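Below is one structure, written out as structure tokens; the observations come after it.
The values are calculated or read from the model by the stated rules, or taken from the named source; none is laboratory data. Fair warning: this is a prediction, and the values are worked out from it, not measured in the lab. Using ideal geometry, Cβ is built from the backbone for each residue, glycine included, and neighbour counts are taken over all protein chains shown.
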Amino acid sequence: MPAMNVTLSSLRPRRFWPSLVLVAAVGLLAPLAHAGILEVTVLGANGQPVPDAVVQLRRAAGIQPLLRADTAVIGQKDIRFDPFVTVVPVGGTVRFVNRDRFDHHVRSMPGGPLSTVPPVKDFEFRLGPARAGNEPSADLKMDAPGHISIGCHLHGSMRGHILVTTSPWYAVTDANGKAVIDGPEGASEMRLWHPEQLIEQPAQPVTVSGGRASIQAKLNFTPPRRRPARPQGGDPADPYKY
């Protein structure tokens with residue numbers, strides 16, 4: 001397998017604006033192309049791996065590819081949103097599925113560490129309990145980019161996050177702070193996002209060409225550690241006790 005060249009620099013990030021005239025002329029956005037696998041380890045300001053961070057890539061030049069209308073599933077199980085952080089492209093759909101034996105009342109909420117950032121989409125709905133293999137669900141189309149914090153009106157400890165992105169290349173870091181992206185060929189802009197950030201993370205130029213490579217990227221703050229999951233199944237005598 002050929003080697004992949006990856007470069008990161010501290011150059012001032014460039015702004016990228018789609019060419020509306022060119023898009024109108026060709027009638028289509030560029031097809032989605034892949035050059036190789038990029039494995040990114042995201043660290044906090046303290047140098048420790050950060051889970052639940054989003055890594056996004058965007059081409060540095062040329063027409064941006066057409067976004068896929070993907071569907072992302074967020075389960076409600078054991079009084080948790082699973083996954084905790086979900087990414088979906090603009091125009092995609094989020095499907096909420098209740099896998100618990102009791103109701104959930106899902107709603108959008110202000111986000112950010114101070115809960116002062118309004119969600120890019122407002123919603124509120126109730127999902128009945130899962131019964132005999134029937135798992136109630138609701139689909140919501142995401143039509144604007146940005147962050148949505150989600151919660152449950154019945155269970156105050158439930159928290160989750162949706163990031164609606166304009167990029168087709170994205171991934172969420174795992175418990176070891178690693179994210180794997182099948183990235184575009186050539187020069188790109190890499191940007192990190194975390195639900196606890198106060199300000200945007202600076203963009204970093206990245207060049208990918210062939211094969212597979214691993215790099216590190218660092219947040220400008222240290223996110224607080226997320227609370228561990230509650231015991232599975234809840235309290236059989238009182239499913240609303242947590």
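Here is how the numbers come out for the structure above:
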quantity	calculated
The stretch 44-76: number of residues that are buried (at least 18 other Cβ atoms within 10 Å of the Cβ) and of a type in the set (Lys, Arg)	2
Residue list for the stretch 199-225, restricted to those being buried (at least 16 other Cβ atoms within 10 Å of the Cβ) and part of a loop (DSSP other than H, G, I, E, B)	GLN201, ALA203, SER209, LEU219, PHE221, PRO223
Search result, residues across the stretch 84-99 that are under 17 Å from the mean Cα position of the chain (by Cα) and either in contact (Cβ under 8 Å) with a residue 60 or more places away in the chain or surrounded by fewer than 20 Cβ atoms within 10 Å (Cβ to Cβ) (or both)	PHE84, VAL85, THR86, VAL87, VAL88, PRO89, VAL90, GLY91, GLY92, THR93, VAL94, ARG95
Residue among PHE81, PHE102 that is buried (at least 16 other Cβ atoms within 10 Å of the Cβ) and under 23 Å from PRO51 (Cα atoms)	PHE81
Test result for SER167, among the polar types (S, T, N, Q), in a strand (DSSP E or B), touching a residue at least 24 places away in the same chain (Cβ under 8 Å) and under 30 Å from GLU189 (Cβ atoms)	no
Residue check for GLU196: assigned to a loop (DSSP other than H, G, I, E, B) and buried (at least 17 other Cβ atoms within 10 Å of the Cβ)	yes
Members of the stretch 122-145 that are in contact (Cβ under 8 Å) with a residue 40 or more places away in the chain, charged (D, E, K, R) and under 17 Å from PHE81 (Cβ atoms)	ASP139
Pick from the stretch 146-181, criterion small (Gly, Ala, Ser), within 13 Å of PHE84 (Cβ to Cβ) and outside the structural domain of GLY47 (by TED's automatic domain parsing), ranking: surrounded by the fewest Cβ atoms within 10 Å (Cβ to Cβ)	SER157
Of all residues making up the stretch 183-205, the number that are closer than 14 Å to VAL40 by Cβ and either among the aromatic types (Phe, Trp, Tyr) or touching a Gly at 6+ places or on another chain (Cβ under 8 Å) (or both)	2
Filter result for GLU200 (free of Cβ contacts under 8 Å to residues at least 60 places away in the same chain and either among the aromatic types (Phe, Trp, Tyr) or not assigned by TED's automatic domain parsing to the domain that holds ARG80 (or both))	yes
Any hit, the stretch 182-189, residues being outside the structural domain of LEU38 (by TED's automatic domain parsing), touching a residue at least 60 places away in the same chain (Cβ under 8 Å) and under 28 Å from LYS121 (Cα atoms)	no
Residue that is nearest to GLY36 (Cα to Cα) [pool: residues in the stretch 183-222 that are of a type in the set (D, E, K, R) and modelled with pLDDT under 90]	ARG212
